[in-house]
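Values quoted throughout were computed directly from the atomic coordinates according to the rules given, and no laboratory measurement underlies them. Worth saying up front: this structure is predicted, and the values here are computed from it rather than measured. Cβ coordinates were reconstructed from backbone atoms using ideal geometry, including for glycine residues, and neighbour counts include every protein chain displayed.
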Amino acid sequence: MMAPGPGDAPLTHPPPIAGLLHAAAYPHEVTGPVRLAETHISWVLLTGAFAYKIKKPLRLSFLDYSTLERRRELCEEEVRLNRRHAPDLYLGVSAIGGTVAEPRVDGGGPALEYAVRMRQFDAGEELVALLAAGTVDAGDLAALGEAVARLHAAAAAATDPRHGHPDTVRRITGDNFAELRRLPECGPAASAVDALELRLAGEVERLRSLMLGRQAAGRVRECHGDLHCGNVVRWQGRLVPFDGLEFDEALRFIDVVNDVAFLTMDLAERGRGDLRRAVLQAWCETLGDFAGLPLLPYYECYRSLVRAKVAALAALQSSADPARRAAAVADCLRYLDWAGTRLVPRRPGLLLTCGLSGSGKTWLARQVAPALGALHLRSDVERKRLAGLAPHEDSRSPPDGGIYTPAFNERTYARLEQCAVAALAAGETVLVDAACLRRAERLKFLDLARARGAPAVILACHAPDEMLHRRVAERRAARSDASEAGPELLERQAGYWEPFDDREQAQVVPVDTSRPQAATDALARLATRLAA
């Protein structure tokens, strides 16, 4: 658990918190003075090796910690839920006995309070601090996105029909506005707050059928529920979520897009669109849930409102500390402003690769997509997904057989089209990485881009024949790529190729991937094309 920053300790400590500031209260060695960190709903006591999180006896619009028994139950629930993410951090629940003046942790006797017992970690390892220090990169966030996707894949699906239902989503979103209006400093923005609430209500109605369809398909699952940057820490070399939401099932059993949206929103709001893209790319590619992307703008807006509400509550609880109140108000207004701009329509683009096996399509896509903030949609990966295979799993398909028959090719391209449509609907630029040797395959993508007003570019990849054969042979020998193309397929592909027609030619950017500056040159041309 975190160590506190300056000013984290409250000005006064209610019993038995004051007694827990003494080393004698603990059954283990305490390193240095016991320190106290405080959030709007909990106290956290830091002893060196271990941290103890105690829930405040509160009843708010969104949680009930009002009784000792309720706090015990929720401590146990918090440990259960968070062990899914961070089993090494969450150790159990401790009973605090003794007396109010001299409390003892796990000392026996009637319990005065209960605490979640955790391993303590350095606050400098929290994702917020890592972002500020510049000591985290896209690879770290991609690994986190993959881990979150795997958690979502394994999480229990909701059985309560109210969970994830559009009416529930609308109600929970509206709860944020009620809390925001309690903060006097939000008064000058009252008209903007009213307009945003009305806009979001309209968005729920527009997205209702998609939300209901995903609920029926089991995409509403037991998620983390509070997955912002402040609830992620680097532990044992990797980013790990912690402090998942335990106090309300309706806030935890949510659409998986809603869950990942908290993280993508918080990264974007902090000016790290590159890291947002890394998380979203890894999450989409691992889980395969491109169909939920049209919900992302709504849920990112909602998540920004959640952060604004939390800051508003912190401000309301800090009336005795003007500096803390001012900081909380600033956070609230910043997140509220971001929420107000998130639903402004974006103009995404569609990029399409084209070329023989070994022509460098995937290599180029991996250079171009991150630079443009685009999602990389790969035919080799989606083909394997349709077959129920992992990306690097060998399908053992014969030439033009198995998952490479004409019929399976059609299924694969249909899947790519569906995913691309969903990405564009979310305002996300998408790069479709496929051979696209036949004209009809290419024209379908150009048509869907035109239907959505998105600029489209065909990246026509090529390289000398000798290089194509060498690349294919090396890739196949390494068995470290989703592609199963071999020399035999490369020989046949020339017969599949259909030249660009006049309409396509206007969209083509040729790329000789044998040149060292191929990706740099392509990006320079793409910037102009996508802005047109």
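Things worth noting here:
- Debye intensity ratio in log₁₀ form over the Cα atoms of the chain, taken at each q of 0.05 Å⁻¹: -0.24
- Separation of alpha-carbon centers, segment 444-494 and segment 131-170, rounded to whole Å: 32
- Loop-located trypsin sites (Lys or Arg not before Pro) in segment 373-422 (DSSP state not H, G, I, E or B) with no more than 12 neighbouring Cβ atoms inside 10 Å: Arg396.
- Electrostatic tally near Asp255: other residues with Cβ closer than 10 Å to its Cβ, Lys and Arg +1, Asp and Glu -1, net +1.
- Helix content alone sets the calculated 222 nm mean residue ellipticity of the chain: runs of n ≥ 4 DSSP H residues at -39500 (n - 2.57) each, divided across all residues, give -14500 deg cm²/dmol.
- Size descriptor, Kirkwood hydrodynamic radius, that averages inverse alpha-carbon separations across segment 127-342, Å: 17.6
- Mean Cβ count within 10 Å, highest first, over the residues of peptides 403-409, 428-434, 284-290: 428-434, 284-290, 403-409
- Database note for the chain: Cys without another Cys beta carbon under 4.7 angstrom, Cys75, Cys186, Cys223, Cys229, Cys284, Cys301, Cys332, Cys419, Cys461.
- Normalised by 2.2 N^0.38 Å, where N is the number of residues, the alpha-carbon radius of gyration of segment 350-531 equals 0.97.
- In degrees, nearest ten, helix 439-451 long axis to first principal axis of the chain (Cα): 50
- Over segment 477-532, all Cα pairs binned in 10 Å intervals from 0 give whole-percent P(r) values of 16, 29, 40, 14, 0, listed from short to long.
- Top positive-direction residue, dipole computed over the chain with Cβ charges, set Ala189, Trp43, Ala449: Ala449
- In degrees, nearest ten, helix 296-316 long axis to first principal axis of the chain (Cα): 20
- Seen from all directions on average, segment 18-121 presents a Cα convex hull projection of 6.5 nm².
- Using C-alpha pairs under 8 Å with a sequence gap of at least 6, the mean separation divided by the residue count of the chain gives a relative contact order of 12 percent.
- Surface/4 estimate of mean projected area, convex hull on alpha-carbon atoms of segment 255-388, nm²: 9.8
- If you take the Cα centroid of segment 199-226 and the Cα centroid of segment 50-78, the two points sit 28 Å apart.
- Lys pairs under 22 Å by Cα in the chain, provided they are eight or more residues apart or on distinct chains: 6
- Two-decimal Rg/Rh across segment 104-203, once Rg and the Kirkwood Rh are taken from alpha-carbon atoms: 1.10
- Given charges at Cβ of Lys, Arg, Asp, Glu: segment 368-508 dipole, positive-most of Leu375, Ala494, Ala506: Leu375
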